[in-house]
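Chemist: If you scroll down you'll find the structure; I have some questions about it.
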Amino acid sequence: MHSKQSKWLWAAAIFVYGFLYVPLIIVVAYSFNDSKLNAEWVGFTFKWYGLLIHNEQMLVAARNSLIIAVVTSFCATVLGTLAGLAMHKYKLRVLPILVLTPIAIPEILMGVALLIFFVMLNMTLGMVSVTLAHIAFCIGFVAIVVRSRLQGMDEALVEAARDLGATPIQAFRLVTMPLIMPGIIAGALMAFTLSIDDFVITFFTAGAGASTLPLQIYSMIRIAVTPEVNAISTLLMLLTLTLILIASKVAPSALRAK
């Protein structure tokens, strides 16, 4: 009986992981295909990566995405950590609603609302508006991760530090901060990934003067999925995996949720 259940579980796991990863493997493989069509394998080549390096529009979009993602990750991590601390310390019902609502509402509604807000402020749409929009919806994700980390922390450690003469700031810097650091790093990585990958909110808040990688890729695939799209997608996956590896080295417990 147990053996039969185990086989079904293995089959379900293989199906789910295949559904998740086989399309990614195909994208990576066809980024090295020596053909403009994604219909058949012709031969191995690096020329699409060479063309990508000399594609001025793609380079500008990549630079914009990286700048927005780095600034968003930094600001959302600081503000999200403070929000997580506030939600953990002050049990006000309105705090979670204020912090987590941008996560719960549909992205298209968030994008339209921010667009109307920026227009009301007579603000020119561009890099700044996109960055502010990304910070707005990333704060909630960081706050959730940090608050989860705080809920697993032993409050007696902070009380012990205070009993030994530490000021509130010293107790936070020397006790609380190191204990929640894996959560902060995980939140920062999540904010970076969400920002560099976002399309819907960016579409509404970018305006005509700023282009990001998702917008540039969308403009390219409206005609066809070209090998350059496969190449830039492969580089994005490589960047994400690199960040995960760095996080596993800097804060191993962050990925193990301990």
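The values are calculated or read from the model by the stated rules, or taken from the named source; none is laboratory data. Quick caveat: nothing in here was measured; it's all calculated off a predicted structure. Methodologically, a virtual Cβ is constructed for each residue, glycine included, from the backbone with ideal geometry; neighbour enumeration extends over all protein chains shown. What goes into the accessible areas is simple: the full protein's heavy atoms, side chains included, and nothing from ligands, DNA or RNA. Shrake-Rupley method; radii C 1.70, N 1.55, O 1.52, S 1.80 Å.
Chemist: Name, by its number, the condition in (1) in contact (Cβ under 8 Å) with a residue 60 or more places away in the chain; (2) open to solvent by 40 Å² or more (accessible area, probe 1.4 Å); (3) more than 22 Å from Ile201 (Cα to Cα) that does not hold for Ile26.
Modeler: That leaves (1) as the condition not met.
Chemist: Here is a follow-up. Can you confirm whether Ala161 is more than 26 Å from Ile244 (Cα to Cα) and either of a type in the set (A, V, I, L, M, F, W, C) or part of a loop (DSSP other than H, G, I, E, B) (or both)?
Modeler: yes
Chemist: Then there is this: For the stretch 187-207, how many residues meet the condition of being open to solvent by 10 Å² or more (accessible area, probe 1.4 Å), in contact with a Pro (Cβ under 7 Å, 6 or more places away or on another chain) and part of a helix (DSSP H, G or I)?
Modeler: Going through the stretch 187-207 one residue at a time, the tally reaches 1.
Chemist: Under 8 Å between Cβ atoms, at least 6 apart or on separate chains: pull out the pairs that start in the stretch 233-258 with a residue that is open to solvent by 60 Å² or more (accessible area, probe 1.4 Å) and end on any residue that is at pLDDT below 65.
Modeler: What qualifies is Ile244/Leu255.
Chemist: Inside the stretch 180-231, can you point out the residues that are polar (S, T, N, Q) and closer than 27 Å to Thr81 by Cβ?
Modeler: Passing the criteria: Thr193, Ser195, Thr202, Thr205, Thr212.
Chemist: Do we find a residue being crowded, with 18+ Cβ neighbours inside 10 Å and more than 30 Å from Ser233 (Cα to Cα) anywhere in the stretch 159-172?
Modeler: Taking every residue of the stretch 159-172 in turn, at least one turns out to be crowded, with 18+ Cβ neighbours inside 10 Å and more than 30 Å from Ser233 (Cα to Cα).
Chemist: Next question, about the same structure. Considering every residue within the stretch 106-113, establish whether at least one is within 29 Å of Arg149 (Cβ to Cβ) and open to solvent by 50 Å² or more (accessible area, probe 1.4 Å).
Modeler: yes
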